Amino acid sequence: MATTEFVKRPVVGHVALLSSVLLFAANGSVSKSLLVSGIDAAQLSQIRVTGAFAVLVVFALIFVRPHLKLRIVEVPKFFAYGIIGVALVQYLYFVAINRLDIGVALVIEYTAPVLVALWARFGEKEPVKQRVWFALAITIAGLSMVTNVWGGFTLDSIGVIAASLAAISLAVYFITGEKLVAKRPPLAVVTLAFGASVIFWAILQPWWQFEPSLLAGETSLFSESSNAFPTWLLVSWMIVMGTIAPFFLSFISLRHLKARTVAIVGTLEPVTASAIAFVLLNESLLAIQLLGGAAVLIGVVLAETAKEK
């Protein structure tokens with residue numbers, strides 16, 4: 001029986017990708033509102049990865065069950081990947097947006113592709129185009145404007161450090177994930193990584209110590225409004241629409257578009273997140289920070305296209 005050849009549809013890919021970016025961006029404002037309500041970064045990280053894993057594992061068992069099996073020698077690698085690439089990225093991101101404007105935190109974190117390009121050049125000894133140096137220079141210049149170094153560095157130091165460490169962790173997620181998805185479907189890799197993250201947080205913060213009362217109150221999502229939403233509802237949004245839905249949409253986009261295209265379009269997230277935070281949370285950036293953010297994103301795009309392969 002002949003099999004039907006899969007037909008790539010760029011329009012479908014771009015719609016899925018832009019929807020994914022929009023949902024990830026909106027999740028920044030939802031997450032920051034939850035942090036302000038009293039849920040700390042570690043608790044929110046644990047809730048997010050555990051809730052997402054509960055759904056991901058169901059789909060993984062249906063569609064990629066054979067690929068969920070790990071050999072003993074693979075267990076440490078996936079645990080390290082889940083801790084660094086998922087648990088720490090989530091936690092450090094939440095720490096950063098709790099102390100910085102969401103746009104600033106995301107611009108710093110989104111320097112990860114530049115780190116990936118540098119790793120390809122020096123760590124993997126892969127051929128990299130000379131534009132990587134221009135990408136690095138313009139990214140550093142942009143970061144200096146975003147963090148307002150020239151104005152005396154008035155940003156929260158812990159927030160900047162957390163966002164910078166999140167960028168490093170995200171780079172590890174990309175570098176290691178690229179190797180892992182060469183041997184397993186992306187859904188299997190993400191599910192295993194989230195599973196490792198769930199175990200990590202369960203060890204650090206046993207679930208029986210969790211206070212359900214944290215989800216029982218109300219959380220305001222609009223800075224200029226007295227209206228509030230049930231906290232559990234916003235947490236559910238964060239898990240379903242802010243994590244699971246954009247992940248699956250990104251998988252769909254990867255089936256119809258090149259990975260490099262997905263990565264480059266993904267740089268719209270800081271821009272979109274800043275716009276949403278401006279509307280919902282009344283966060284705004286200085287003109288020099290906006291210019292710096294644009295420079296960083298240009299540097300990221302240059303870095304994404306610097307790899308020969």
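The values are calculated or read from the model by the stated rules, or taken from the named source; none is laboratory data. These numbers were taken from a predicted model, which means no experiment stands behind them. Ideal geometry is used to build each Cβ from the backbone, glycine not excepted, and the neighbour counts take in all protein chains shown.
Here's the yes/no breakdown for (1) surrounded by 16 or more Cβ atoms within 10 Å (Cβ to Cβ); (2) in contact with a Ser or Thr (Cβ under 6 Å, 6 or more places away or on another chain); (3) in contact (Cβ under 8 Å) with a residue 24 or more places away in the chain; (4) of a type outside the set (Asp, Glu):
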{"residue": "12", "(1), (2), (3), (4)": "no, no, yes, yes"}
{"residue": "15", "(1), (2), (3), (4)": "no, no, no, yes"}
{"residue": "28", "(1), (2), (3), (4)": "yes, no, yes, yes"}
{"residue": "31", "(1), (2), (3), (4)": "yes, no, yes, yes"}
{"residue": "37", "(1), (2), (3), (4)": "yes, yes, yes, yes"}
{"residue": "42", "(1), (2), (3), (4)": "yes, no, yes, yes"}
{"residue": "49", "(1), (2), (3), (4)": "yes, yes, yes, yes"}
{"residue": "53", "(1), (2), (3), (4)": "yes, no, yes, yes"}
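Answer with yes or no whether residue 218 is more than 28 Å from residue 147 (Cα to Cα), surrounded by fewer than 18 Cβ atoms within 10 Å (Cβ to Cβ), acidic (Asp, Glu) and modelled with pLDDT of 85 or more. Yes.
Taking the criterion of being within 14 Å of the chain's Cα centre (by Cα), free of Cβ contacts under 8 Å to residues at least 60 places away in the same chain and not in a strand (DSSP E or B), would at least one residue in segment 87-104 satisfy it? Yes; the residues of segment 87-104 include at least one that is within 14 Å of the chain's Cα centre (by Cα), free of Cβ contacts under 8 Å to residues at least 60 places away in the same chain and not in a strand (DSSP E or B).
Please verify whether segment 276-283 includes one or more residues that are over 17 Å from the mean Cα position of the chain (by Cα), of a type in the set (S, T, N, Q) and under 30 Å from residue 141 (Cβ atoms). Steps first, please.
Restricting attention to segment 276-283, the residues satisfying the condition of being over 17 Å from the mean Cα position of the chain (by Cα) are 278-283.
From what's left, of a type in the set (S, T, N, Q): 282.
Subsequent filtering for residues that are under 30 Å from residue 141 (Cβ atoms) retains 282.
Looking through segment 276-283, at least one residue is over 17 Å from the mean Cα position of the chain (by Cα), of a type in the set (S, T, N, Q) and under 30 Å from residue 141 (Cβ atoms).
If the condition is being in a helix (DSSP H, G or I) and in contact with an Asp or Glu (Cβ under 6 Å, 6 or more places away or on another chain), then segment 261-286 contributes 263, 264, 277. Restricting to segment 71-82, what's the tally of residues that are closer than 29 Å to residue 109 by Cβ and either aromatic (Phe, Trp, Tyr) or surrounded by fewer than 18 Cβ atoms within 10 Å (Cβ to Cβ) (or both)? Number satisfying all stated conditions: 8.
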